[in-house]
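Below: the structure, in structure tokens.
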Amino acid sequence: MPDKGRPADQLRRSRLLYALSGALVMATGLLWRSGLLPLSSFIAKYGGDAFWALLVFVGLGFLFPGASTLRITVTSFCFAWAIEFSQLYHAPWLNSIRSTKPGHLVLGSTFNAPDLLAYAVGILLGALAESTCQSMFRNRTNRAR
């Protein structure tokens, strides 16, 4: 079913490409935060947060291949910011999930307002890359006609 919020000339995303992109973003983000790269703690932390948000953008693009870039961008912001604000809530059951490695990677543990800016950077980079690639593909397709 087409997305009513999607421009008529917007291309449908390739799930295979987004799955591969998601794996690459995840691997890069984990490497970024691993301590194996000679990064300052500031760059490692907030760069890792930007990669996490980029993964959210790519993941939503995978799940909703027909949605507009704007819709994926807004939904990514809502999801990422909701996760960050959820860190203000500390129920025992939620903290037990956060205490696991996967739970910590997805849900975090402590609210930190600057993370919101890092998420914005990651999501906006994803939206910019997607828009640029779609524009290049459209231009190439139009020239071939």
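Checking the stretch 78-100 against the condition returns no match, with no residue being within 23 Å of THR132 (Cα to Cα), in a helix (DSSP H, G or I) and of a type in the set (S, T, N, Q).
Given the structure, is GLY47 in contact (Cβ under 8 Å) with a residue 12 or more places away in the chain, in a helix (DSSP H, G or I) and in contact with a Leu (Cβ under 6 Å, 6 or more places away or on another chain)? The answer is no for GLY47. Taking the stretch 6-19 as the range and being at pLDDT 55 or above and part of a loop (DSSP other than H, G, I, E, B) as the test, the residues that pass are PRO7, ASP9, GLN10, LEU11, ARG12, ARG13, SER14. Would the stretch 44-59 turn up any residue that is closer than 27 Å to ARG140 by Cβ and touching a Lys or Arg at 6+ places or on another chain (Cβ under 6 Å)? No; the residues of the stretch 44-59 include none that is closer than 27 Å to ARG140 by Cβ and touching a Lys or Arg at 6+ places or on another chain (Cβ under 6 Å). Within the bounds of the stretch 93-105, is there any residue that is crowded, with 16+ Cβ neighbours inside 10 Å, farther than 15 Å from TRP52 by Cα and in contact with a Gly (Cβ under 6 Å, 6 or more places away or on another chain)? The answer is no, given that none of the residues of the stretch 93-105 is crowded, with 16+ Cβ neighbours inside 10 Å, farther than 15 Å from TRP52 by Cα and in contact with a Gly (Cβ under 6 Å, 6 or more places away or on another chain). Here is the figure for the stretch 111-145: residues that are surrounded by fewer than 12 Cβ atoms within 10 Å (Cβ to Cβ) and aromatic (Phe, Trp, Tyr) total 1.
The values are calculated or read from the model by the stated rules, or taken from the named source; none is laboratory data. Values in this document were obtained by computation on a predicted structure and should not be read as measured data. Heads up, the Cβs are rebuilt from the backbone with ideal geometry, glycines too, and the neighbour counts pull from every protein chain shown.
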